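Q: Below are the C-alpha cells for one structure; questions will follow.
The values are calculated or read from the model by the stated rules, or taken from the named source; none is laboratory data. Being a predicted model, the structure only gives us computed values, none of them experimental. Cβ atoms come from the backbone with ideal geometry, glycine included; neighbour counts cover every protein chain shown. Ligands, DNA and RNA are excluded from the accessible area calculation, which covers all protein heavy atoms including side chains. Shrake-Rupley method; radii C 1.70, N 1.55, O 1.52, S 1.80 Å.
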Amino acid sequence: MLPRRLVLALLAGLPLAACNTRGPATVAAVDPDAAWYIGSMPDQPYDVPLVDRSRMDPKYRRQTVAYTGLEKPGTVVVDIDERMLYLVQDGGQALRYGVGVGKLGFSWKGTATVGRKGVWPDWGPTAKMVSLNPDLPRTRKGGVDNPLGARALYLYQGGRDILFRIHGTNEPWSIGEQMSSGCVRMLNEDVVDLYNRVPVGTTVMVKRNGKYRV
C-alpha cells in the first residue's frame, strides 16, 4: 500500500472523475485547519464535522429564499455564476446552498438526473487518471479526508454516468469560489441535508450567464 502522503501527492493536480481536488488540503477536516470547525454532527460510519459559518459570507449559508423560476418543485438548479445551488420548493420559494464550482464551468449541457447517491462514498480514479499515473491507488475509502466528503449525488444523462458529482468537501473555504474542474462541492452538513431531500431521479439543471446550458 502506498504511503498516505504519497497518495495525496499523486492526487494533487489530477481530475477527480470530472472533479479536481488539491492534495494536502484534503486532510483539512482532520488536521491543520481545525479553526474552521466547531463540533460535529452524529452520522454513520463517521461524524460530520460542522463548519463555523461565521467564517463564511452570510449569503453562502443555507437558507430559504424567494424563487421566481419556472422549474417544478423538487428540481435542483445550479447557478455557476452565483455559486449557488437551489432546491425548488412550492409557493415560490427555494432552499439555497452556497457551493464551489469549476473554473471552466460545466462541459456537459442539457438536463441531468441524480442517477445514484452515496453515503461517505469511496473514490476511484478514472482510466485516464491511471494511464497518466499508474501508481495511483485504485480506490480511496470514504471518510473525512476523502475528496467526495460525506455524501455524493452522481449525475447521469441518458442512463449514463457523466462523471459529474454534487458532493461534500473538506475544504470549506472553497465554498463561493471556483475551485474544482466541474463538480459542485458543498459543505458536508449541507450535502447531507440535500441528500436527505433529493431522491434518485431528481432533475438537475445548470445555469451560466443567466441561461440554462442546453
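Q: For residues in the range 148-179 being within 21 Å of Pro125 (Cβ to Cβ) and of a type in the set (Phe, Trp, Tyr), which is most open to solvent (accessible area, probe 1.4 Å)?
A: Step by step, filter the range 148-179, then rank; the result is Tyr156.
Q: Are any residues in the range 90-121 surrounded by fewer than 21 Cβ atoms within 10 Å (Cβ to Cβ), outside any strand (DSSP E or B), at pLDDT 95 or above and not acidic (Asp, Glu), and if so, which ones?
A: Gly91, Gly92
Q: Could you check, for the range 25-32, whether at least one of its residues is modelled with pLDDT of 50 or more and within 28 Å of Gly201 (Cβ to Cβ)?
A: No, the range 25-32 has no match at all.
Q: Now for a separate question. Return the residue satisfying two criteria in turn: it lies in the range 180-207 and is over 11 Å from the mean Cα position of the chain (by Cα) and assigned to a strand (DSSP E or B), and of such residues it is surrounded by the most Cβ atoms within 10 Å (Cβ to Cβ).
A: Once the filter is applied, the top-ranked residue is Val206.
Q: Those residues that are touching a Gly at 6+ places or on another chain (Cβ under 6 Å) and among the polar types (S, T, N, Q), I need them from the range 114-141; list them, please.
A: Scanning the range 114-141 gives a single hit, Thr139.
Q: Still on this structure, I have one more. Filter the range 131-140 down to the residues that are open to solvent by less than 80 Å² (accessible area, probe 1.4 Å) and modelled with pLDDT of 80 or more, then identify the one that is farthest from Thr203 (Cα to Cα).
A: Taking the range 131-140 as the starting set, the residues that turn out to be open to solvent by less than 80 Å² (accessible area, probe 1.4 Å) are 133, 136-137, 139-140.
Among the residues that remain, those that are also modelled with pLDDT of 80 or more are: 133, 139-140.
Numbers: Asn133: 35, Thr139: 29, Arg140: 28 Å.
Top of the filtered list is Asn133.
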